[in-house]
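Peer 1: First the structure, then my questions, so here it is.
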Amino acid sequence: QAAGAPSGPQGRFCGKADGMNMEMDFADAARVGISAKPFTSSPTSCPEEAFELDASSGKIKIVKSECWTRLWRKVGVDLFGVSLFYDPAGYLGKPGVQLKVNAVSTYLSKEMC
């Protein structure tokens, strides 16, 4: 990795995940805006959520967010089954955010925005 290169997600990542269209907009190394439009209920927007990135595993943790919890509750998913991972070359060789919901895994990418 080149000096000064971003080590975590930056900008917008979009995709379809567990019955919804999702967009995550990483403002900086600690804040992400999340927008989700479930196919069967009203949209949810979480404009500035705190997150932590584990640089060694790529795991992204949304920190103590009532909005993030509410978003998944709305589609009947227990938050314990939801995990996020940043992979700098995971989506067709380009940066992607992997979203795992229980046993189902999908990628959010810049190209899908």
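Peer 1: With Ser41, Ser7 as the choices, which residue is outside any strand (DSSP E or B) and touching a Lys or Arg at 6+ places or on another chain (Cβ under 9 Å)? Before you say what the answer is, go through the steps one by one.
Peer 2: Numbers: Ser7 fails: touching a Lys or Arg at 6+ places or on another chain (Cβ under 9 Å).
Unique residue meeting the criteria: Ser41.
Peer 1: Residue under question is Val77, and the condition is that it be of a type in the set (A, V, I, L, M, F, W, C), open to solvent by less than 40 Å² (accessible area, probe 1.4 Å) and in a loop (DSSP other than H, G, I, E, B); does it hold?
Peer 2: yes
Peer 1: Restricting to the stretch 17-38, name every residue that is in a loop (DSSP other than H, G, I, E, B) and aliphatic (A, V, I, L, M).
Peer 2: Taking the stretch 17-38 first, the residues in a loop (DSSP other than H, G, I, E, B) are 18-19, 27-30.
Those that are in a loop (DSSP other than H, G, I, E, B) and aliphatic (A, V, I, L, M): Ala27, Ala29, Ala30.
Peer 1: Of all residues in the stretch 84-101, how many are closer than 15 Å to Lys16 by Cα and modelled with pLDDT of 85 or more?
Peer 2: 7
Peer 1: How many residues are within 18 Å of Leu79 (Cβ to Cβ) and open to solvent by less than 30 Å² (accessible area, probe 1.4 Å) if we restrict to the stretch 39-60?
Peer 2: Result for the stretch 39-60: 5.
Peer 1: When the stretch 62-91 is examined, which residues are found to be in contact (Cβ under 8 Å) with a residue 12 or more places away in the chain, among the aliphatic types (A, V, I, L, M) and over 19 Å from Asp25 (Cβ atoms)?
Peer 2: Selection gives Val75, Val77.
The values are calculated or read from the model by the stated rules, or taken from the named source; none is laboratory data. A quick note: this is a predicted structure, and the numbers were derived from the prediction, not measured. So basically every Cβ, Gly included, is an ideal-geometry build from the backbone, and we count neighbours across all protein chains shown. What goes into the accessible areas is simple: the full protein's heavy atoms, side chains included, and nothing from ligands, DNA or RNA. Shrake-Rupley method; radii C 1.70, N 1.55, O 1.52, S 1.80 Å.
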